[in-house]
Amino acid sequence: MSASPVYLDAATAVPLHPVARQALLAALDDGWADPARLYGQARRARQLLDAAREATAVTLGVRADELSFTPSGTAAAHSAVLGGLAGHRRVGRTLVHSAIEHSAVLHAGEKHVAEGGTATSVPVDRLGRLDLTAWSEAVRAPGVALAALIAASHEVGTVQPVAEAAAACADAGVPLSVDAAQMVGRAPVPAGWSVLTASAHKWGGPPGVGLLVVRKGTRWESPWPADERESGRTPGVVNLPAVVAAAASLRAAAADAAAEAARLAPLVDRIRARVAAEVPDVEVVGDPYHRLPHLVTFSCLYVDGEALLHALDRRGFAVSSGSSCTSSTLRPSHVLEAMGVLSHGNVRVSLHRETTAAEVERFLAELPGVVAELRAEAGVVGL
């Protein structure tokens, strides 16, 4: 009898939280009508939407009227960047961003550049941490309309110095957009940002719900055609049952976040130590201290990342390899390249509330043999 599958890719999507499932099923019955209408079913839907917005805002520590729901985290990131740039076009047309932003932010930047704008990429060090000196210089340059910084790397887990980066932006009078997808529901996001985005399926909500928060006083202009919904920040009717489930699961995840971090961090420490000790020619990447508690990434020399992914999948382990957002292209990760670390034979392991110590132990027991087999197949022996 084969062992049950082990899901270790929470940085991509967390299994649906039980609270989300309950809320989703209930909202399917009560939340199908258009909240903008005036009849009874619509008023009930409006109550659900208002309650979900208020609960989410409270969890994030923001005002309810600053928060909009979007069709995805990607849509939220696009809106944040393009809307922030549009709102400050009189200042200039330069976007400053870190070299390790999520592809959604980078793609928005590419669109901006294609339409005549400019973008400045700020480097990171070998641990994946932002170069604050270069960042401060970049945001002080003339014509900077917006800065964008990921709160914590989705690929290697390094937590970025958001507060310090925000202070540099404030000194320069530049608004800061923060991609907090890996932190919301896991840890408080440092203050100082003007725009914030997140994605529900990263904390155990359903896919297809993003968060866009635009602070009062921030000049932000929707890059989309005019729409009266969601304060005009994102077009179309929201998926109300999914939004209700996202709000309920965020509150539950945030309430358990400290305990979960305390439980998962030692398991990640165990992976970091054992992989480094038991797998030859491996590099564990990312900051060993300033990092997310649930995520670890390592690269194995002389091993093809895709082959390693498939071999682990055959053993029942679901993990990511290479760039989490562009792995289908088989291109090396732009994050690992920016860090200057080994970008092939790369594995990202990310844990969640259902991950057990026994599952981690099983992964660690099988990994060295899997890597050795792949190296032997490739003719690499004697390591």
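The values are calculated or read from the model by the stated rules, or taken from the named source; none is laboratory data. The shown structure was predicted, so the numbers you read here are calculated from the model rather than taken from an experiment. When we count neighbours, we look across all protein chains shown, and the Cβ atoms used for this are built from the backbone with ideal geometry, even at glycine. SASA here: full protein model, heavy atoms, side chains in, ligands and nucleic acids out. Shrake-Rupley method; radii C 1.70, N 1.55, O 1.52, S 1.80 Å.
Things worth noting here:
- Check on S79, within 24 Å of S177 (Cα to Cα), of a type in the set (S, T, Y) and touching a residue at least 12 places away in the same chain (Cβ under 8 Å): yes
- Test: residue in the stretch 178-191 that is buried (at least 24 other Cβ atoms within 10 Å of the Cβ), more than 24 Å from D256 (Cα to Cα) and at pLDDT 95 or above: no
- Inside the stretch 193-205, residues that are over 30 Å from A170 (Cβ atoms) and open to solvent by less than 10 Å² (accessible area, probe 1.4 Å) make up a count of 2.
- Scanning the stretch 50-62 finds one or more residues that are assigned to a loop (DSSP other than H, G, I, E, B), open to solvent by less than 50 Å² (accessible area, probe 1.4 Å) and either within 25 Å of P188 (Cβ to Cβ) or hydrophobic (A, V, I, L, M, F, W, C) (or both).
- Scanning the stretch 100-117 for residues that are open to solvent by 20 Å² or more (accessible area, probe 1.4 Å) and under 24 Å from E164 (Cα atoms) yields H102, L106.
- Scanning the stretch 226-259 for residues that are open to solvent by less than 70 Å² (accessible area, probe 1.4 Å), in contact with a helix residue (DSSP H, G or I) (Cβ under 8 Å, 6 or more places away or on another chain) and of a type in the set (D, E, K, R) yields a single hit, R233.
- Among the residues listed as G208, G232, G236, the single one being out of contact with any Lys or Arg (no Cβ under 6 Å at 6 or more places or on another chain), of a type outside the set (D, E, K, R) and at pLDDT 95 or above: G208
- Residue match in the stretch 152-164 (condition: of a type in the set (D, E) and touching a strand residue (DSSP E or B) at 6+ places or on another chain (Cβ under 9 Å)): yes
- Output for the stretch 299-315, where each listed residue is open to solvent by less than 30 Å² (accessible area, probe 1.4 Å) and closer than 17 Å to T12 by Cβ: G305, L308, L312
- Within the set S350, S333, the sole residue that is at pLDDT 95 or above, closer than 30 Å to V122 by Cα, of a type in the set (G, A, S) and open to solvent by less than 50 Å² (accessible area, probe 1.4 Å) turns out to be S350.
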